[in-house]
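Report on the following structure.
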């Protein structure tokens with residue numbers, strides 16, 4: 001024991017090599033905290049400063065004033081199959097996206113009667129329109145009205161109502177306007193049936209295709225078309241009273257801005273505009289806009305997104321708007337958005353109908369009873 005203790009005492013000590021890190025540099029203190037605050041303040045002010053934006057005065061970069069869409073005879077185009085006239089229409093749809101249709105066979109008295117009946121729709125008080133107000137779930141009905149909107153912008157399209165042959169719309173409007181709506185709806189159905197016949201003939205003529213084949217082509221487009229599948233729609237617009245020059249300019253700006261924000265509400269093949277008495281007709285596209293004086297009694301035909309797709313991008317998709325300048329009375333215009341029916345989708349839906357579990361159970365019971373009856377009869381005889 002003493003020897004072990006003596007050996008522990010005689011062991012040499014091992015030095016520990018411990019080195020501390022160098023000290024951190026200390027600020028010289030030459031710049032005061034006040035100076036640092038000033039530099040930070042200048043940087044923040046420069047970062048948060050909003051640059052001055054100089055917006056162009058014109059709504060669109062280019063306006064075409066010297067071009068007028070051709071006036072086309074409906075009988076010569078669709079029944080006589082005039083190739084020269086068809087080439088004129090094709091060129092107009094390529095460059096302008098529209099043309100004027102004459103001799104279409106729809107009586108002017110009938111269209112005027114529908115417009116007079118449509119004026120009563122806008123006499124319904126705004127507080128009673130809520131059941132038939134447009135929404136993402138209900139693409140038909142009144143355009144939502146904001147108080148003070150007219151005073152701020154002087155909207156030329158003061159109010160709008162979208163009509164279609166829908167049972168829910170019919171029930172709601174008959175509850176709001178029980179006396180006048182059945183008469184208006186009946187007249188609208190008469191005009192729409194004639195409009196659809198004209199549109200079907202024109203679409204087959206400009207695309208050089210059979211209407212039945214066109215329906216299949218529209219069905220094949222699938223996700224490219226995004227409109228509501230309600231058939232032909234009619235946008236009825238009431239134009240404001242006493243639209244002076246200064247108010248008309250504000251109206252045009254508001255109309256274009258609303259069109260750009262909303263884009264296209266409904267996918268369609270053709271739009272047939274009824275705008276008798278309008279001073280001008282404007283056609284808007286992505287790059288320019290066209291202004292011309294329409295022929296009295298003519299239907300203005302504009303190309304829809306479906307026709308642009310079916311033509312391989314050859315025809316120009318545009319949006320048309322009638323303009324009423326200096327009118328002392330309210331005016332009504334109608335735009336019929338025609339879309340070919342998707343018969344192929346309907347056929348596939350009916351073909352792929354499923355049988356419910358209850359029906360399957362009843363069928364199984366019936367087959368079991370029939371089986372036992374057949375076995376009994378076989379053994380008996």
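The values are calculated or read from the model by the stated rules, or taken from the named source; none is laboratory data. As the structure is a prediction and not an experimental result, all values here were calculated from the model. Every residue, glycine among them, receives a Cβ derived from its backbone with ideal geometry; neighbour counts consider all protein chains shown.
The rows are residues; the columns are (1) within 19 Å of the chain's Cα centre (by Cα); (2) at pLDDT 90 or above; (3) in a strand (DSSP E or B).
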site	(1), (2), (3)
287	yes, no, no
301	yes, yes, yes
306	yes, yes, no
309	yes, yes, no
312	no, yes, no
316	yes, yes, no
321	yes, no, yes
328	no, no, no
332	no, yes, yes
Note down all Cβ pairs under 6 Å where the first residue falls in the range 175-200 and is modelled with pLDDT under 95, the second is loosely packed, with under 13 Cβ neighbours inside 10 Å, and they're at least six residues apart or on different chains.
176/128
If only one of 110, 101 is within 28 Å of residue 159 (Cα to Cα), modelled with pLDDT of 90 or more and not in a helix (DSSP H, G or I), which one is it?
101
Does at least one position in the range 68-91 carry a residue that is touching a strand residue (DSSP E or B) at 6+ places or on another chain (Cβ under 7 Å), surrounded by 12 or more Cβ atoms within 10 Å (Cβ to Cβ), closer than 22 Å to residue 296 by Cα and at pLDDT below 80?
no
Breaking point among (1) modelled with pLDDT under 90; (2) part of a loop (DSSP other than H, G, I, E, B); (3) farther than 20 Å from residue 103 by Cα, for residue 277:
(3)
